[in-house]
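In what follows, a structure is listed as structure tokens, so that the remarks can point back to it.
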Amino acid sequence: MPILDTYALIQLEDVTETMQFEASEIVSESGLFINLINRISARMETYCSRKFKVREYTEYQDGDGSPNVFTNQYPITTVSELWDDTEVLFTSINDQISSSDFLIYSEEGNIRLYNDETIFSKGHQNIKIIYSGGYSTIPKDLELACIDWFMTEYRGLKVRTHSYMTKSAGGASSMIDLQAIPREVKTVLDSYKKPKIYI
């Protein structure tokens, strides 16, 4: 029996309630449901080049001589440690930046220095950030987009003349090839895509 991924964007109940499945259908198809939810959640994150559910990260970035550093994941929930060490040792307390010396612009994933700190040193991987990023609660439009894509895929699987599933010995689907992102879902995802930064 497949297991719902910890970082899946929706729960099994979200799709079974929305599509009003009978109890017998839920039992017989739950493996397929979970596989679809896992794969659609992963595809949505890949398309947007970011992770959505909150988790902890440790990142090393290049300092560019500016007061800003942008985390790879956002919104920023907390920053537990911020370092600027051109020797890349991250052991001296003098290289750790106090929380009173930076501001967090959560939605942009931006950490900006102020007070006693003015700019990050120029260097290679000299900035270390330990932080939590992502949504504690998945936004409703993103959740609904995941449900919409699930329903499109599930219905499509039922009417296709050829199968996009291979069956394991136990009968649960072991592979599902997702079709193109539905237009309505893509519209929502485009608003969450990580912007490209050109240097």
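Structure above, values below:
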read-out	value
Criterion (in contact (Cβ under 8 Å) with a residue 60 or more places away in the chain and farther than 30 Å from E184 by Cβ) met by exactly one of Y57, Y47, Y114	Y57
Residues (surrounded by 12 or more Cβ atoms within 10 Å (Cβ to Cβ) and in a loop (DSSP other than H, G, I, E, B)) located in region 111-127	E117, I119, F120, S121, K122
Residues being in contact with a Ser or Thr (Cβ under 9 Å, 6 or more places away or on another chain), of a type in the set (A, V, I, L, M) and either within 12 Å of I111 (Cα to Cα) or in a strand (DSSP E or B) (or both) - total across region 53-82	3
Count - residues of region 166-199 that are outside any loop (DSSP other than H, G, I, E, B), surrounded by 15 or more Cβ atoms within 10 Å (Cβ to Cβ) and modelled with pLDDT under 65	2
Residue count for region 1-24, restricted to those that are surrounded by 13 or more Cβ atoms within 10 Å (Cβ to Cβ) and of a type in the set (S, T, Y)	3
Residues within region 25-63 that are surrounded by 15 or more Cβ atoms within 10 Å (Cβ to Cβ) and either of a type outside the set (G, A, S) or under 28 Å from N126 (Cα atoms) (or both), tallied	25
Scope region 83-110; condition farther than 26 Å from E45 by Cα and outside any loop (DSSP other than H, G, I, E, B); matching residues	W83, D84, I93, N94, D95, Q96, S99, S100, D101, F102, L103
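The values are calculated or read from the model by the stated rules, or taken from the named source; none is laboratory data. These numbers were taken from a predicted model, which means no experiment stands behind them. Ideal geometry is used to build each Cβ from the backbone, glycine not excepted, and the neighbour counts take in all protein chains shown.
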